[in-house]
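Notes to accompany the following structure.
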Amino acid sequence: MSNAYSKDLERWMPRLIAVWRASRGRGDGPETRLTPQEVKEVAAGVRQLSLGLTRERQLAGARYMDDPKLLGAYLLFYWPVSYAQARQVLGELPNRPRQALDLGSGPGPVAFAALDAGAGEVTAADRSKAALNLARALATEAGEALATREWDPTKKAAALPEGQFDLVTMGHVVNELYGTGDAATAPRAALLEAVLAKVKRGGSLLVMEPALRETSRGLLHVRDAMVAKGYAVRAPCMYRGPCPALVKESDWCHAERAWPMPRVVEELARAASLHKEALKMSYLVLAPKDEDWPTLPPGKLFRIVSESLEGKGRQRYIGCGPDGRVGLAMQERHRTEKNDRFFQLNRGDVIAVTQTEPKGDGLALDDRSEVRMVAAAGRGVPPSPKEETPPTPPTTTDSSTR
Ligand SMILES: C[S@@+](CC[C@H](N)C(=O)[O-])C[C@H]1O[C@@H](n2cnc3c(N)ncnc32)[C@H](O)[C@@H]1O
């Protein structure tokens, strides 16, 4: 699988291994892979992290980055995942960032993704000194400049790093802040508001979270709180009202992308008995105060927010667009050259459709419908061409024209 960042990720793997070995006081080993003993050892940590961060969640908000075994497992397994997720989402941003700040950076996967995506200066901030040490060691190994800062927003008087930024990223950290449940929404939204005050006009705040029901819905609640405060969403939402995925307890929203999974990650997943094929994450890109929602291209637009829900002789997905979240379905017998695309859509694709009829609780397409790809998953929705403003008539002081 080749992505725009495949080569960059390939270059990171030996650096991760070298920094991990150095941090554990190990001698040299093969550059691009782990020895069978190392795989066994790291996989035990991966398993513990996976249970603690995704299943039982008792590690969320705990100081697991300060445990060398778990930090090592994070570095070799979750770092490449977060890096690839961030590269995917950063590819959707309208502008290339110059100055970036990565909050809750851990050992820096998102910070380095921002650097590789073109940022010139990046500051990584976290409360874990051990994680920041590894981020600095990686920067040295890669010959990159990375500033680091200790930061913990849950501490009184915890100031954000100085300066204004084109991009602030928060990778898999928001769900670890301020506890769990509804009570966490308001302090998380207040933090995001403070963070957005550090984002320059035209810049973005990217929040990425694990694609679990609980963490994804937590992010959607924060999204609604930010929208209610007047902030615009740059991606992935096109709907400006309260998130329709929150109506039913069983719904949530996440992205899924194929990725060039490094061999080390594959080996560790196997050894830890984890199933990890596609990249899955929930994300939200917010604009700073007083910026408008993106102007959308013309047409009846939907982002595909489900997998293919193919049934007997019929293709179906859930779409979410400027009019909300609806089921979209078409019978196989209505397939034509102009709507054929509907039968091969991926989660995240944005399409424009014509000729839909309300049917059941969704919309049906038929052989009169056209389906056009507006933006494939992972590509930003192109803005609508600016409307021509009619020339202003010349002002005149000649009263005889009145
Ligand atoms: C799952 S890791 C994410 C690391 C990296 N951003 C990524 O996307 O892979 C969560 C990070 O949040 C940090 N974190 C958790 N609670 C924090 C807090 N109260 N203040 C600062 N950082 C915190 C942890 O130290 C850890 O590095």
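The values are calculated or read from the model by the stated rules, or taken from the named source; none is laboratory data. Note that the coordinates shown come from a computational prediction; the quantities given were computed from them, not determined experimentally. Here the Cβ positions follow ideal geometry from the backbone for every residue, glycine too, while neighbour counts run over all protein chains shown. What goes into the accessible areas is simple: the full protein's heavy atoms, side chains included, and nothing from ligands, DNA or RNA. Shrake-Rupley method; radii C 1.70, N 1.55, O 1.52, S 1.80 Å.
With respect to (1) of a type in the set (Gly, Ala, Ser); (2) within 30 Å of residue 80 (Cα to Cα); (3) at pLDDT 95 or above, the lone exception for residue 278 is condition (3).
Give 68, 80, 30, 14 a once-over and let me know the one that is under 17 Å from residue 107 (Cβ atoms) and more than 16 Å from the ligand (Cβ to nearest atom). Unique residue meeting the criteria: 14. Within the set 73, 86, 62, the sole residue that is among the hydrophobic types (A, V, I, L, M, F, W, C), farther than 16 Å from residue 264 by Cα, within 16 Å of the ligand (Cβ to nearest atom) and modelled with pLDDT of 95 or more turns out to be 86. Here residue 227 passes the criteria (1) within 16 Å of residue 285 (Cβ to Cβ); (2) in contact (Cβ under 8 Å) with a residue 40 or more places away in the chain; (3) hydrophobic (A, V, I, L, M, F, W, C) except the one numbered (2).
Quick check on residue 261: is it within 19 Å of residue 174 (Cβ to Cβ) and either in contact with an Asp or Glu (Cβ under 8 Å, 6 or more places away or on another chain) or β-branched (Val, Ile, Thr) (or both)? Answer is no for this residue. For residue 350, are the conditions met, namely being closer than 30 Å to residue 242 by Cα, over 20 Å from the mean Cα position of the chain (by Cα) and aliphatic (A, V, I, L, M)? No. Screening residue 60 with (1) open to solvent by 10 Å² or more (accessible area, probe 1.4 Å); (2) under 16 Å from residue 208 (Cα atoms); (3) in contact with a strand residue (DSSP E or B) (Cβ under 7 Å, 6 or more places away or on another chain) gives one miss only, at (3). Under the condition of being without any contact (Cβ under 8 Å) to a residue 12 or more places away in the chain and of a type in the set (A, V, I, L, M, F, W, C), which residue from the range 166-203 is nearest to the ligand (Cβ to nearest atom)? Checked the range 166-203; the qualifying residue nearest to the ligand (Cβ to nearest atom) is 190.
Identify, from the list 284, 274, 268, the residue that is surrounded by fewer than 21 Cβ atoms within 10 Å (Cβ to Cβ), under 27 Å from the mean Cα position of the chain (by Cα) and of a type outside the set (S, T, N, Q). Selected residue: 274, the only one of 284, 274, 268 that is surrounded by fewer than 21 Cβ atoms within 10 Å (Cβ to Cβ), under 27 Å from the mean Cα position of the chain (by Cα) and of a type outside the set (S, T, N, Q). Filtering the range 112-129 to residues that are under 19 Å from residue 18 (Cα atoms) and part of a strand (DSSP E or B) leaves nothing. Only one of the numbered conditions (1) modelled with pLDDT of 95 or more; (2) surrounded by 12 or more Cβ atoms within 10 Å (Cβ to Cβ); (3) among the charged types (D, E, K, R) is violated by residue 292, and that is (2).
Among the residues in the range 141-160, are any open to solvent by less than 10 Å² (accessible area, probe 1.4 Å) and either within 14 Å of the ligand (Cβ to nearest atom) or over 27 Å from residue 212 (Cα atoms) (or both)? Looking for residues that are open to solvent by less than 10 Å² (accessible area, probe 1.4 Å) and either within 14 Å of the ligand (Cβ to nearest atom) or over 27 Å from residue 212 (Cα atoms) (or both), one finds none in the range 141-160, hence no.
For residue 221, the criteria (1) over 20 Å from the mean Cα position of the chain (by Cα); (2) open to solvent by 30 Å² or more (accessible area, probe 1.4 Å); (3) away from the ligand (no atom under 14 Å from the Cβ) hold in every case but one, which is (1).
Restricted to the range 89-132, and to residues there that are within 12 Å of the ligand (Cβ to nearest atom) and among the hydroxyl-bearing types (Ser, Thr, Tyr), the residue that is surrounded by the fewest Cβ atoms within 10 Å (Cβ to Cβ) is 128. Looking across the range 254-289, the residues that are outside any helix (DSSP H, G or I), of a type in the set (D, E, K, R) and touching a residue at least 40 places away in the same chain (Cβ under 8 Å) come down to 256, 257, 276, 280, 289.
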